[in-house]
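A.B. asks: Before we start, here is the structure in question, set down as structure tokens.
The values are calculated or read from the model by the stated rules, or taken from the named source; none is laboratory data. Everything numeric in this text was worked out from a predicted model, so none of it was measured. Cβ placement follows ideal geometry from the backbone for every residue including glycine, while neighbour counts extend to all protein chains displayed. Heavy atoms of the whole protein, side chains included, go into the accessibility calculation; ligands, DNA and RNA do not. Shrake-Rupley method; radii C 1.70, N 1.55, O 1.52, S 1.80 Å.
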Amino acid sequence: MTTTAPSATDRHDALIDRLPPDFRFGAATSAFQIEGATAEDGRTASIWDTFCRVPGAVDNGDTGDIACDHYHRMPEDVALLAALGLDTYRFSVSWPRVQPGGRGPANPAGLDFYDRLVDELLARGVTPWLTLYHWDLPQELQDAGGWPARDTAHRFADYAELVHERLGDRVEHWTTLNEPFCSAVLGHVEGVHAPGGRSLADGVRAVHHLHLGHGLAVRRLRSAARRPLDIAVAHLLGTSRPASGSPADREAARRADAFGFRFYLDPILRGRYPRDLIDDLAARGVRIPVRDGDLEIIAEPVDTLGVNYYRSMRVCGTDERGATVDAHGAPVTRGLPHGGLPVTGLGWEVMPHDLTELLLRIARDYPGVPVIVTENGAAYEDRPDAEGFVDDTERTAYLAAHLAAVAEARVRGADVRGYFAWSLLDNFEWAYGYAQRFGLVRVDYATQTRTPKRSALWLRDTAHRVRGASGHG
Ligand code: IFM
């Protein structure tokens, strides 16, 4: 008798089938990436509206002005989500829409939109999962110093309270920040996201004030809440493996892990910044602007940790010529591809195994906090047929492999309670504009027609199978 090895699909299905029936299945979006209507009903500019107008900042000069026109098509989009049998929808609130300028009273017309969204979701049996900050800082706050300025943390806490005042009776799940790494480092150190700064010191100040804003907001939400809330923060995380066993590579991987991973989890979950990170920064003349009492605020307990995972890096401690310090005398820390792996349309390597490793590490190093994968997905070059249907087998395989990686982490002891695909819709992919598509649902930007792709149907069927016939959807 001959036996054949199980296919990748069979292996993934076998793992996915071990997820419990109450495992959360959702899809995520963010306000600036889908809403459009950037000048309607009192909304003022965010840093992304400004950044989109900097020549060369965004591919093709794309902007968020129309995006997916979700502001006007929200009921249709919620109906789509419900038809896909997803139990949870992760969306973000646009700060400049609900509190134009970032300080002072709320804009009732802006809040009305989210009020309607929440009601629409609840009416269709979909749980709202609200993110307060997904990168669209009001421009006025940027003009006053932005995240490198401590005051922005206090403004964020006020804003959190305003949103909670209107929605706290119906929304249980609150995420303070999405990927502070991107806001701080891509936006202030690497200059590729709004506001386009290039200063390590500003980036480090921004990280600390984002953390502080998170902690202050957690306190405000808890004291305003009339019922228990599930409060989370969502971090972009990956693994940093040394490119070789050489001391320079191992040291570079440690630095990358300190700056890209522990900088975010340690203060929130352990109440301190990593000692080695403080020393690395000091060697470059940079200090984290911690004041007395900040770390107690930042470590205010959260109920859930959101993990956004796309890929991981190999890290090298030398430049192309073999030097270990750069022109400014700073140690080289270079992220390299692993090589030989399949890549997505953005050239990101497909590494589901590292998601398992990452979730197991969190379970080991930061025990006691339940995790939700708040984002995972891939951009590929979609080719719609004449009806607009996209047979996105690569994206489907990507999602299946990563969901199986989550299931494997659970089997091995990680407390992971849900998985949200990024993203419900094709949308504005920041500096890449609209050319990169991450959606489960295709958006034809010329007509705003929505068409679920094969990956959406796969996620629908998978969620249904995991829940069992009696479950939601
Ligand atoms: O589109 C982004 C999202 O806004 C934040 N996380 C990563 C996604 C893909 O790049």
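A.B. asks: Do you know which of the residues in the stretch 47-80 that are outside any loop (DSSP other than H, G, I, E, B) and of a type in the set (Val, Ile, Thr) is most open to solvent (accessible area, probe 1.4 Å)?
C.D. replies: Only one residue tops the list, namely THR50.
A.B. asks: Just checking, how many residues over the stretch 156-199 are of a type in the set (Ser, Thr, Tyr), within 27 Å of LEU111 (Cα to Cα) and not in a helix (DSSP H, G or I)? Show your work before the answer.
C.D. replies: Of the residues in the stretch 156-199, the ones of a type in the set (Ser, Thr, Tyr) are 159, 175-176, 183, 199.
Within this subset, residues satisfying the condition of being within 27 Å of LEU111 (Cα to Cα) are 159, 175-176, 183.
This time we only want the ones that are not in a helix (DSSP H, G or I), so: 175-176.
Counting residues in the stretch 156-199 that are of a type in the set (Ser, Thr, Tyr), within 27 Å of LEU111 (Cα to Cα) and not in a helix (DSSP H, G or I) gives 2.
A.B. asks: So, in the stretch 305-361, how many residues would count as being among the polar types (S, T, N, Q) and in contact with a Pro (Cβ under 7 Å, 6 or more places away or on another chain)?
C.D. replies: Here the count works out to 1.
A.B. asks: Still on this structure, please answer the following. For the stretch 230-244, does any single residue satisfy the condition of being open to solvent by 30 Å² or more (accessible area, probe 1.4 Å), among the β-branched types (Val, Ile, Thr) and more than 20 Å from ARG155 (Cβ to Cβ)?
C.D. replies: Within the stretch 230-244 (the criterion being open to solvent by 30 Å² or more (accessible area, probe 1.4 Å), among the β-branched types (Val, Ile, Thr) and more than 20 Å from ARG155 (Cβ to Cβ)), the answer is no, since none of the residues qualifies.
A.B. asks: Looking at the stretch 377-400, which of the residues that are surrounded by fewer than 20 Cβ atoms within 10 Å (Cβ to Cβ) and hydrophobic (A, V, I, L, M, F, W, C) is farthest from GLU349 (Cα to Cα)?
C.D. replies: ALA386
A.B. asks: Across the stretch 155-205, which residue is most open to solvent (accessible area, probe 1.4 Å) among those that are more than 16 Å from the ligand (Cβ to nearest atom) and either at pLDDT below 95 or on the phi > 0 side of the Ramachandran plot (or both)?
C.D. replies: GLY196
A.B. asks: So ILE278 ticks every box in (1) touching a residue at least 24 places away in the same chain (Cβ under 8 Å); (2) open to solvent by 10 Å² or more (accessible area, probe 1.4 Å); (3) assigned to a helix (DSSP H, G or I) but one. Which box is left unticked?
C.D. replies: (1)
A.B. asks: Shifting gears a bit: Just one of THR38, THR44 is within 30 Å of LEU111 (Cα to Cα), without any contact (Cβ under 8 Å) to a residue 40 or more places away in the chain and in contact with a Gly (Cβ under 9 Å, 6 or more places away or on another chain); which is it? Give the derivation first.
C.D. replies: Numbers: THR44 fails: without any contact (Cβ under 8 Å) to a residue 40 or more places away in the chain.
Criteria check complete, one pass: THR38.
A.B. asks: Residues of the stretch 206-239 being within 16 Å of the ligand (Cβ to nearest atom), touching a Phe, Trp or Tyr at 6+ places or on another chain (Cβ under 9 Å) and hydrophobic (A, V, I, L, M, F, W, C), which ones?
C.D. replies: Matches in the stretch 206-239: LEU210, ALA232, VAL233, LEU236, LEU237.
A.B. asks: Contact list please: Cβ distance under 9 Å, first residue in the stretch 244-271 and free of Cβ contacts under 8 Å to residues at least 60 places away in the same chain, second residue among the polar types (S, T, N, Q), pairs at least six apart or on different chains.
C.D. replies: ARG254/SER240; ASP257/THR239; ASP257/SER240; PHE261/THR239; PHE261/SER240
A.B. asks: Something else: From the list HIS328, HIS338, HIS353, exactly one residue is more than 16 Å from the ligand (Cβ to nearest atom) and closer than 27 Å to ARG24 by Cα. Which is it? Even if it seems obvious, please write down each step before you answer.
C.D. replies: On the way: HIS328 fails: closer than 27 Å to ARG24 by Cα; HIS338 fails: closer than 27 Å to ARG24 by Cα.
Answer to the selection: HIS353.
A.B. asks: Is it the case that some residue within the stretch 2-13 is crowded, with 20+ Cβ neighbours inside 10 Å and among the small types (Gly, Ala, Ser)? Break it down stepwise before answering.
C.D. replies: Initial filter on the stretch 2-13 (crowded, with 20+ Cβ neighbours inside 10 Å): 12.
Still in the list and also among the small types (Gly, Ala, Ser): none.
No, there is no match, as no residue in the stretch 2-13 is crowded, with 20+ Cβ neighbours inside 10 Å and among the small types (Gly, Ala, Ser).
A.B. asks: Looking at this structure, is HIS208 modelled with pLDDT of 95 or more and closer than 15 Å to ALA157 by Cα?
C.D. replies: Yes, satisfied.
A.B. asks: Quick one: how many residues across the stretch 281-320 are open to solvent by 20 Å² or more (accessible area, probe 1.4 Å), within 16 Å of the ligand (Cβ to nearest atom) and polar (S, T, N, Q)?
C.D. replies: 0
A.B. asks: When ALA421 is evaluated against the numbered criteria (1) more than 20 Å from VAL343 (Cβ to Cβ); (2) part of a strand (DSSP E or B), which criterion, by number, is the only one it fails?
C.D. replies: In the conditions (1) more than 20 Å from VAL343 (Cβ to Cβ); (2) part of a strand (DSSP E or B), ALA421 misses (1) alone.
A.B. asks: Let me ask something else. Specify the residue that is farthest from the ligand (Cβ to nearest atom); the eligible residues are those in the stretch 19-46 that are open to solvent by 20 Å² or more (accessible area, probe 1.4 Å) and under 30 Å from ALA463 (Cβ atoms).
C.D. replies: PRO21
A.B. asks: Looking only at the stretch 1-19, count every residue that is assigned to a loop (DSSP other than H, G, I, E, B) and without any contact (Cβ under 8 Å) to a residue 24 or more places away in the chain and tell me the total. Steps first, answer last, please.
C.D. replies: Initially, the stretch 1-19 is screened for residues assigned to a loop (DSSP other than H, G, I, E, B), giving 1-7, 17-19.
Adding the requirement that they be without any contact (Cβ under 8 Å) to a residue 24 or more places away in the chain leaves 1-7.
Counting residues in the stretch 1-19 that are assigned to a loop (DSSP other than H, G, I, E, B) and without any contact (Cβ under 8 Å) to a residue 24 or more places away in the chain gives 7.
A.B. asks: Let me ask something additional. Restricting the stretch 436-446 to residues that are within 16 Å of ASP392 (Cα to Cα) and more than 18 Å from the chain's Cα centre (by Cα), which is most open to solvent (accessible area, probe 1.4 Å)? Before you say what the answer is, go through the steps one by one.
C.D. replies: Applying the first criterion (within 16 Å of ASP392 (Cα to Cα)) to the stretch 436-446 yields 436-444.
Now drop any that are not more than 18 Å from the chain's Cα centre (by Cα), which leaves 441-444.
Numbers: VAL441: 0, ARG442: 38, VAL443: 0, ASP444: 59 Å².
Applying the filter and picking the extreme gives ASP444.
Yes/no matrix, rows are residues, columns are (1) in contact with a Ser or Thr (Cβ under 7 Å, 6 or more places away or on another chain); (2) over 20 Å from TYR264 (Cβ atoms):
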| position | (1), (2) |
| --- | --- |
| ARG124 | no, yes |
| LEU132 | yes, no |
| GLN139 | yes, yes |
| THR152 | no, no |
| ARG166 | no, yes |
| TRP174 | no, no |
| ALA206 | yes, no |
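A.B. asks: Taking TYR432 as the residue in question, decide whether it is within 30 Å of GLY191 (Cβ to Cβ), within 16 Å of the ligand (Cβ to nearest atom), within 19 Å of the chain's Cα centre (by Cα) and open to solvent by 40 Å² or more (accessible area, probe 1.4 Å).
C.D. replies: yes
A.B. asks: Another question, then. Tally the residues that are open to solvent by 10 Å² or more (accessible area, probe 1.4 Å), acidic (Asp, Glu) and within 16 Å of the ligand (Cβ to nearest atom), restricting the search to the stretch 125-153.
C.D. replies: Number of matching residues: 0.
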